[in-house]
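Comments concern the structure below.
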Amino acid sequence: MAKKLRLAVFISGTGRTLKNLIEYIHNEQLSAEIVIVVSSSANVTGLQHAEKESIPIEIIERCSYESLSEFSEANFSVCRAARADYVVLAGYLRRLEIPSDFENRVLNIHPSLIPSFCGKGYYGNIVHSKALEYGVKISGCTVHFVDQEYDTGPIILQKAVEVCEDDTANILNDRVFAAECQAYPEALELLAQSRVSVKGRIVQIDPPKTQKCVGEDIDF
Ligand code: GRF
């Protein structure tokens, strides 16, 4: 039986990832509610998805804080106040320091198969251009927990896509994003079903818990 996760979703852009999560929740394919949307800027189009759903919004801009620590603390204070179980980075482009109470509770999705084409400066179509330049035959996406570095946290799940000969960065981006739209809700649903455990940097996914029928296990 899945518990209903309380999610804080962080955005910096178009909010396509946020929109996809909202759709999964509406379709009852993800046992979660989005309790707050945090944006790194007031001028992002993604906020419209939160407004449409009447999800509370916080705008927390890096320029309002002197240090990365203060900025990070402002973000996580809001998540604590909203009683968020998990922070979901959804196209969020600011670095954060993860406080100890949010260790393995912050997730990100990256548009490549980590550890390829990731790290500082690898975002958006840059990732896909680098993959095409290198000549890889598969790419994909990675859902991972966020640690204190870029894209180095424990990997929860990955989905691969084919790279075709006449791909451009935009075409590959579309194919990878379609995979992301399945991977992120799938990873979150595993958390909702309490099937994820982390040992060091290895994430273990337990098999689905079978529901017992009424009357099962009763000795007559
Ligand atoms: C995708 O490239 C994803 O991999 C990355 O952010 C992009 C989506 O941003 N994390 P958005 O949801 O369209 O704002």
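The values are calculated or read from the model by the stated rules, or taken from the named source; none is laboratory data. In this text the structure is predicted, and so the values were computed from the model without any measurement. Neighbour counts run over all protein chains shown; Cβ positions are idealised from the backbone, glycine included. SASA here: full protein model, heavy atoms, side chains in, ligands and nucleic acids out. Shrake-Rupley method; radii C 1.70, N 1.55, O 1.52, S 1.80 Å.
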(request) DSSP loop (so not H, G, I, E, B), at most 12 other Cβ within 10 Å: list which GluC sites (Glu not before Pro) in segment 96-195 pass both filters. (result) E149, E165
(message) Less than 15 Å Cβ to Cβ from T168, Lys/Arg counted +1 and Asp/Glu -1: what total charge do the surrounding residues give?
(response) -4
(request) Could you tell me, in Å, what Rg and Dmax come out for the Cα atoms of segment 137-181? (result) 12.1, 37
(message) I need the per residue convex hull volume for segment 1-125, using only the alpha carbons, in cubic angstrom as a whole number.
(response) 128
(request) Give me the accessible area per residue for segment 143-187, probe 1.4 Å, as a whole number in Å². (result) 46
(message) Stokes-Einstein diffusion coefficient for segment 84-146 at 4 °C in a medium of 1.567 mPa s, Rh from the Kirkwood formula over Cα pairs: what value in µm²/s?
(response) 102
(request) Enumerate lysine pairs in the chain that are 8 or more residues apart or on different chains, then count those whose Cα atoms are under 21 Å apart. (result) 11
(message) If I compute solvent accessible area with a 1.4 Å probe over the protein chains, what percent of it on the chain is carbon and sulfur?
(response) 50
(message) How charged is the neighbourhood of L191? Take every other residue with its Cβ under 13 Å from the Cβ of L191, and add Lys/Arg as +1 and Asp/Glu as -1.
(response) +1
(message) So if a site counts as exposed when it's one of the trypsin sites (Lys or Arg not before Pro), its DSSP state isn't H, G, I, E or B, and it has at most 14 other Cβ atoms within 10 Å, what's the longest stretch of the chain without one?
(response) 5-82
(request) Report, to two decimal places, the Cα Rg of segment 47-117 normalised by 2.2 N^0.38 Å (N = number of residues). (result) 1.22
(message) With every protein chain kept in place and ligands, DNA and RNA left out, what is the accessible area per residue of segment 10-135? Probe 1.4 Å, answer in Å².
(response) 50
(message) Full-extension gain between S194 and S129, please, as 0.36 nm times their residue separation minus the C-alpha to C-alpha distance.
(response) 19.7 nm
(request) Rank these residues by their accessible area, most exposed first, probe 1.4 Å: H49, H110. (result) H49, H110
(request) Please sort by residue number the GluC sites (Glu not before Pro) in segment 11-47 whose DSSP state is loop and whose Cβ has at most 11 other Cβ atoms within 10 Å. (result) E28
(message) Rg and Dmax in Å for the chain, alpha carbons only: what are they?
(response) 18.3, 69
(request) Give, rounded to the nearest 20 debye, the magnitude of the charge dipole that segment 4-73 has about its Cα centre when Lys and Arg contribute +1 at Cβ and Asp and Glu contribute -1 at Cβ. (result) 260
